[in-house]
């Protein structure tokens, strides 16, 4: 009997070690059914949320697009806070699964990839977008997110999760807070780290996003991003989208979009009309005549043409020698 017990002990230790090694790369949380849901239909859609609080009405839209199936939350900090919120408060889903990444190696884990591929809806939580870039860019996870959207299933993100959805993104790879005054004084400050093609979402081609927009006065830094991204010739498509806290922009399969807000938030569309006059390291930015359109719940945005119906606010903004100037 001694030998079998010793073998069992060794097997138990090996199993525990394997679980610990996997746990070093990621953690997994499940609320609801462990079986793979197979809803009759899902609907394509993108949900861009500005952070600072979740928007119930927007998440109800997201759950409908997912056909009430399995929702997978991806994050690189925090815990399983979305599980009970989506399963119990929003409701109507088969399950909510959270994958908390600790290492890039998790992006190659077969179990992680299977969970993502079986999801009807995928949500990118807030946190630190630099970790998303480090852990997911050019990995099977990134490819799985692209495939998820191509399959006609909804994808969304809030705060850091919003920051990585566009063709262009502010990756925050350098330490330190990037404020609008810093960006306008020197658009090549080391903290301005811009990525391209983290994801490949056709609807967000030519778009860079920003969150906590009005609350953290991020118009200036978004204009600096657009100045950096403006090509030598006039771009066929380049725009910034800023989303206020407790606010979300829901994009339907046909490209029409509407605003949900649980406060007085807005979504801001920034459309540059000409290349920057002054754009070089160590010099203050000059960028003239950027059209800035604020959208409220009664507004509609057509992503095919980047045109707005019933805007809440329309203005033209310039940056001259690092200073913001606005006219209605």
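Rule-based calculations on the coordinates, nothing more; no lab input. These numbers were taken from a predicted model, which means no experiment stands behind them.
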| request: Send over the semi-axes of the chain's equivalent ellipsoid, whole angstrom and largest first, taken as the square roots of 5 times the C-alpha gyration tensor eigenvalues. | output: 39, 23, 16
| said: Relative contact order of the chain, please, whole-number percent, based on alpha carbon pairs below 8 angstrom and at least 6 residues apart. | reply: 16
| query | Under the definition of Cα pairs under 8 Å and six or more residues apart, what whole-number percent is the relative contact order of segment 188-252? | reply | 41
